[in-house]
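Asks: Take this structure, written in structure tokens, and hold onto it; I'll ask about it next.
The values are calculated or read from the model by the stated rules, or taken from the named source; none is laboratory data. On a predicted model such as this, the values are computed, not experimentally measured, just so you know. Using ideal geometry, Cβ is built from the backbone for each residue, glycine included, and neighbour counts are taken over all protein chains shown. Side chains included, ligands, DNA and RNA excluded: accessible areas come from the protein's heavy atoms. Shrake-Rupley method; radii C 1.70, N 1.55, O 1.52, S 1.80 Å.
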Amino acid sequence: MAWRCSAPTNAGLIDNLTTANILSTPRIIAAMKATDRAHYSPRRPYDDAPQSLGFGATISAPHMHGHALESLAPMLRPGASVLDIGSGSGYLVAVFSKLVRPGGKVVGVEHIKELNEAAERRFVAAEGTLAKELLQKGEVVFQTADGRRGCPGEKFDAIHVGASIPVVPEVLIDQLKSPGKMFVPVGDVNEDQYIYEYTKDAEGHLTRERLFGVSYVPLGDVEYYYARGRKLVE
Ligand code: SAH
């Protein structure tokens, strides 16, 4: 069981995810080890379970972050561009930024302003001057916007969606480069949800694969989240 990956330290957690065969790509393992979850998860950072961020949002469980990173791994090369929709805690933005530099770009889109500001603060607290430099150069961007529109006008090698949506919007598929990959939970919030992997080949041909069942918060309206709490968990 994935929750058995819990450990007393970040390194121990990542080792357990590797032993459980959730992680296998050395670059992904190194980037996760170099990104201490304690900077991004207000509570129990090394438990293999989601934790509340406030506003009804959660930082996803470490095994889900692991699955997402492994799925997108072929695209996560230096110079690549990544869109993280529903970026929440900012943890994945930080891991992606380690994998795509130098020269890459990571855009986190989060619709709760307070969460987005906290994510940027956490990123700066964790990464120091490097974070400030990346933010200044626009190589890491925390954008407060409705992620259902993606990041209009740009295309990405990899798109990660951190909240579930009944139907994947065409605009998100259009924002995938050829080749490109998207990791997205699909389904209504109180119904069955599954992770889908969308792959565009170099010719722009799209394929879709259903991976496994999940339980995500919805990629929905701001009001849904504000109704679930107006206080940041710190
Ligand atoms: N990957 C993040 C997941 C956070 S939970 C992490 O591990 O920290 C999902 C996030 O999606 C929440 O922060 C929520 O506020 C955000 N979200 C939900 N609907 C959204 C929308 N329409 N646009 C942008 N963000 C959205």
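Asks: Could you tell me which of the residues Arg27, Arg44 is open to solvent by 50 Å² or more (accessible area, probe 1.4 Å), touching a helix residue (DSSP H, G or I) at 6+ places or on another chain (Cβ under 9 Å) and of a type in the set (Lys, Arg)? Break it down stepwise before answering.
Replies: Numbers: Arg44 fails: touching a helix residue (DSSP H, G or I) at 6+ places or on another chain (Cβ under 9 Å).
Only one candidate qualifies: Arg27.
Asks: Collect the residues in the stretch 187-204 that are within 16 Å of the ligand (Cβ to nearest atom) and either open to solvent by 50 Å² or more (accessible area, probe 1.4 Å) or of a type in the set (D, E, K, R) (or both), keeping them in residue-number order.
Replies: Selection gives Asp188, Val189, Asn190.
Asks: Let me ask another. Criterion first (farther than 14 Å from Ile85 by Cα, of a type in the set (S, T, N, Q), within 19 Å of the chain's Cα centre (by Cα) and surrounded by 14 or more Cβ atoms within 10 Å (Cβ to Cβ)) does Thr144 satisfy it? I'd like the intermediate steps shown before the answer.
Replies: Numbers: farther than 14 Å from Ile85 by Cα: no; of a type in the set (S, T, N, Q): yes; within 19 Å of the chain's Cα centre (by Cα): yes; surrounded by 14 or more Cβ atoms within 10 Å (Cβ to Cβ): yes.
Answer is no for this residue.
Here is a yes/no grid of residues against (1) in a helix (DSSP H, G or I); (2) touching a residue at least 12 places away in the same chain (Cβ under 8 Å); (3) within 16 Å of the ligand (Cβ to nearest atom); (4) surrounded by 22 or more Cβ atoms within 10 Å (Cβ to Cβ):
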{"position": "Gly66", "(1), (2), (3), (4)": "yes, yes, yes, yes"}
{"position": "Leu83", "(1), (2), (3), (4)": "no, yes, yes, yes"}
{"position": "Ser87", "(1), (2), (3), (4)": "no, yes, yes, yes"}
{"position": "Leu92", "(1), (2), (3), (4)": "yes, yes, yes, yes"}
{"position": "Leu99", "(1), (2), (3), (4)": "yes, yes, yes, yes"}
{"position": "Gly103", "(1), (2), (3), (4)": "no, yes, no, no"}
{"position": "Gly108", "(1), (2), (3), (4)": "no, yes, yes, yes"}
{"position": "Lys132", "(1), (2), (3), (4)": "yes, no, no, no"}
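Asks: Mind counting the residues in the stretch 157-180 that are closer than 25 Å to Ala57 by Cα, touching a strand residue (DSSP E or B) at 6+ places or on another chain (Cβ under 9 Å) and outside any loop (DSSP other than H, G, I, E, B)?
Replies: Qualifying residue count for the region: 8.
Asks: Can you name the residue in the stretch 205-234 that is in a loop (DSSP other than H, G, I, E, B) and in contact with a Gly (Cβ under 7 Å, 6 or more places away or on another chain) and, of all such residues, is most open to solvent (accessible area, probe 1.4 Å)?
Replies: Taking the stretch 205-234 as the starting set, the residues that turn out to be in a loop (DSSP other than H, G, I, E, B) are 205, 215-217, 219-221, 227-231, 233-234.
This time we only want the ones that are in contact with a Gly (Cβ under 7 Å, 6 or more places away or on another chain), so: 217, 219, 228-229, 231, 233.
Working: Val217: 42, Leu219: 24, Arg228: 129, Gly229: 24, Lys231: 154, Val233: 32 Å².
Step by step, filter the stretch 205-234, then rank; the result is Lys231.
Asks: Within the stretch 209-226, identify whether any single residue is on the phi > 0 side of the Ramachandran plot, more than 16 Å from the ligand (Cβ to nearest atom) and either touching a helix residue (DSSP H, G or I) at 6+ places or on another chain (Cβ under 7 Å) or without any contact (Cβ under 8 Å) to a residue 40 or more places away in the chain (or both), and answer yes or no.
Replies: no
Asks: Within the stretch 49-64, which residues are under 12 Å from the mean Cα position of the chain (by Cα) and within 8 Å of the ligand (Cβ to nearest atom)?
Replies: Thr58, Ile59, Ser60, Met64
Asks: Test Ala119 against the criterion of being within 9 Å of the ligand (Cβ to nearest atom) and of a type in the set (A, V, I, L, M), and give yes or no. Break it down stepwise before answering.
Replies: Numbers: within 9 Å of the ligand (Cβ to nearest atom): yes; of a type in the set (A, V, I, L, M): yes.
Judged against the criteria, Ala119 is a match.
Asks: Follow-up question, since we're still on this one. Tell me which of these Thr19 doesn't satisfy, since it passes every other one: (1) farther than 19 Å from Ala119 by Cα; (2) surrounded by 15 or more Cβ atoms within 10 Å (Cβ to Cβ); (3) of a type in the set (Val, Ile, Thr).
Replies: The single condition Thr19 does not satisfy is (2).
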